[in-house]
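Heads up: the structure comes next, in structure tokens.
Where a number appears in this text, it was derived from the coordinates with a stated rule and is not lab data. These numbers were taken from a predicted model, which means no experiment stands behind them. Cβ sites come from the backbone with ideal geometry, for glycine too, and all protein chains shown count toward neighbours.
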Amino acid sequence: MTEEIKKQPIRTFNSGVLTVSVWENTAQKDGETFTTHSVTIQRSFRDGNEWKQSTSLRNKDLPIVQIMLTKAFEFMNFKGD
């Protein structure tokens, strides 16, 4: 029996309860393999004693997420520069 390995993001950006994660995937088209990236945004919150995650943001989160998304864009596009 083989164990399934949970894929991890290649980079995360954190600010307080906010996290922007960059994911790397491989795809094929016309017989060629290439790398694609995607981004997820999460906001952590407490529900009683339990921490949970949501993809809903508050208005005060937006400017912070905007900066974090810029950092993620720079990471994905200017890694070797």
Check: If you check Ser44 against the conditions, is it touching a residue at least 24 places away in the same chain (Cβ under 8 Å), touching a Lys or Arg at 6+ places or on another chain (Cβ under 8 Å) and of a type in the set (S, T, N, Q)?
Finding: yes
Next item on the list: Just give me the residues in the range 54-76 being without any contact (Cβ under 8 Å) to a residue 24 or more places away in the chain and either in contact with a Gly (Cβ under 7 Å, 6 or more places away or on another chain) or closer than 21 Å to Lys7 by Cα (or both), in sequence order.
Entry: Ser54, Thr55, Phe73
